[in-house]
1. Given the rule -39500 (n - 2.57) for each run of at least 4 DSSP H residues, summed and divided by the residues of the chain, what is its mean residue ellipticity at 222 nm, to the nearest 500 deg cm²/dmol?
2. Could you calculate the contour length gain from E274 to A104, that is, 0.36 nm times the residue separation minus the distance between their Cα atoms, to one decimal place in nm?
3. Put +1 on the Cβ of every Lys and Arg and -1 on every Asp and Glu Cβ in the stretch 266-376; which of V341, Q276, L309 then has its Cα farthest towards the positive end of the dipole?
4. State the three equivalent ellipsoid semi-axes of the stretch 82-208, derived from the C-alpha gyration tensor as the square roots of 5 times its eigenvalues, in descending order and whole Å.
5. Given the stretch 266-376, what whole percent of its Cα pairs are spread farther than 19 Å?
6. So what's the projected area for the stretch 581-701, the Cα convex hull averaged over all directions, in nm²?
7. If Rh is defined by the Kirkwood formula over all Cα pairs and Rg also comes from Cα, what ratio Rg/Rh do you get for the stretch 83-148?
8. At 0.36 nm per residue, and after removing the present C-alpha to C-alpha distance, how many nm does the segment from E695 to K679 gain when stretched out fully?
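None of the figures in this text is laboratory data; all of them are computed from the coordinates on show. Remember, it's a predicted structure, so these values are computed and weren't measured experimentally. Because the Cβ atoms are built from the backbone with ideal geometry, glycine has one as well, and the counts that use them run over all protein chains shown.
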Amino acid sequence: MSAAICPRIVIALLAAFGFVAITAADDHWAWKVPVRPTVPAVRGEQPANPIDAFIRTKLDAASLKPAAPASREHLIRRVTFDLIGLPPTPEEVESFARDSSADAWTKVVDRLLASPRYGVRWGRHWLDLARYADSNGYEFDEPRPEAWRYRDYVIRSFNADKPYDRFVKEQIAGDELAPIDPDALTATGFNLLGPDMTDSADQVRRRLNTLTDMTDTTALAFLGLTLTCARCHDHKFEPLSQDDYFRFQAFFAPAVFRTDLPVSTPAERKSHAEAQARYQEVTKEARLAIEAIEGPHRTRLYEEKLAKLSADAQAAHRTPPDKRTGGQIELVAETATKVRVTDAEVTKVIGKEEQTKLAEWKAKLKSFDGQKPRPLPVAMGLTDRPGPPAKTYLLHRGEPDNRGDEVLPGYPATLTPGERAEPAKIAEQKASTGRRLALANWVASADNPLTARVIVNRLWQHHFGRGIVRTASDLGTRGSGASHPELLDWLACELVERGWKLKTLHRLMLLSDTYQQSTEATAETRKADPDNDLFSRMNRLRLEGEVVRDTLLAVSGRLNPKAGGPGVVLPDRTAASGGAKAVAVTADAKEHTRRSVYLFSRRNLRDPFLEAFDLPDSNLSCPKRERSTTAPQALALLNSDDTMTAAKSLAERLEKEATGDARIERAYRLALGRGPTAKELGRAKAFLADAPLSELCRALFNLNEFVYLD
């Protein structure tokens, strides 16, 4: 047996036991640039919407018919939750039910897509992918006071229908793409949203952990690629090598991680500069006097601490920040706390006479606090530095102390077959290395085989309950495969040709007959297509926890529509477990009833109501939320403060808006989007003979129909 044959036998044996995939790397459909397929012809009348033609082709092949159209009440409730995450009002349901015009459905879809609440709903989907949270996680779970700016950027971007390719580029390299655009700078916070052990004793490893997280999440979120499996060794199932992994990570190596990235507008900067100049002038005497007293002591204490460090660390601290090498940046970060001089240390070494004078001057300085300008807005994000970047090495088993060969920035070889051995072409910019911008341009290119496919599959997943590829963040050889590959490619090409506008794709999907199907199916259809792989009917979907909470607020008339700003801290969410730092409760009680996306999201203290409904783990990118059915969900809907308060408030609303049996009618229409049947009306009247109206409201909140969409 020749040596050349042996590896093939080994691979075949491993594949037989499920350890490797035998699909040839270059033959996998996802590695090839999408080519627009011809819309298929179907038996009978050709559908007006190309989506329906692709779906009907598979149904015809299986000798199946699509489900009947959903009722108008079901349809408007479905699409309203789908696009804005809130229930339709009774008036909106009635208006649509009575509208017999040919474009009635189109008007509903366009109205919802234009709503500012659309960005709240679809921004939440993206925040799941971006592993968004307002705290660092780990033991101390410190708050991130500026993280909310990224959340608001995402919501604004969706509402503005920002082209998706631009959205991608801003998050990977907004600082290089548009260095004076506050939105583009804020967008780079995507890279720093993962958990961060700020108190780590090993700052080199801490930085590497962050680089690893941003590398993994970029590949998952934008490319649907499980690149993370190639960090410690070549990927066991995909044609991704460890060299591919660190070449990809090298794009991020020069980045400086910032929690104080200025994101002010030119007008804000001008106004602040003028106010700051006035403040500096009136406080000049006091500031100089304080510096004259404290300065010599601070310098001496700093030098004493610095002298205790290694020669390399001392040199790193003495090097101007803009001239430090990558290794020096790491050394400074690792030893910063060892040379920090605190006010308490200065006070301790100052004599009594100096302390008296210092106290007088500080009191005088404080008297000018009213004239001190508020700080300019800052955000989490990345910047870059020109000049030679820190070198990137292949790390054996992913360990920073086990370096292999140096690697240069490059794209996964499988996705760039003509450039397998070539490093990426990078145009260095005046203020940066240009590395991340090169990566961003490649990821967001129409020639990238994955990017457009991944995002249209994500849209399809949220509209139809599952993706054309079920594994939304894994389009590789071990992913689920595409149930309708031609449709996926047609949608990907359509997105690119229409300027990467997501609302265009939403509209196309929602106006299809496939979306407007009922969830009901015949026995024959259920037998032939039990898992609805052919989309022979609409999937019945349970609402997410945030949507359930927001719906309780909306139907009870308590929802605060205010948008944006710092996360709202509820009274029972001030601190996390262990030694976590507490955050102040939001003082204005009206803020407590805002949309759930605006609640302060703490990694170590998750909202129990939302968690009962499968709130994702914000430590990881979440491509699809679980939809479990558990006892805690029933208990939350029955006994939680959210439900009890909503039931009482809805009862008060009903008492103001209706009388007699009309209250029951109104309650059903608000909670379920429909009126009660004669049987339900009779039961409700009998129930109210012995129970308060609030208990009927609570009962409606506990119906499956309240938390499921037909």
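1. -15000 deg cm²/dmol
2. Fully extending the segment from E274 to A104 adds 55.8 nm.
3. Q276
4. Semi-axes from the Cα gyration tensor: 39, 18, 10 Å.
5. 62
6. Here the figure is 10.1 nm², rounded to one decimal.
7. Radius of gyration relative to Kirkwood radius: 1.24.
8. 3.9 nm
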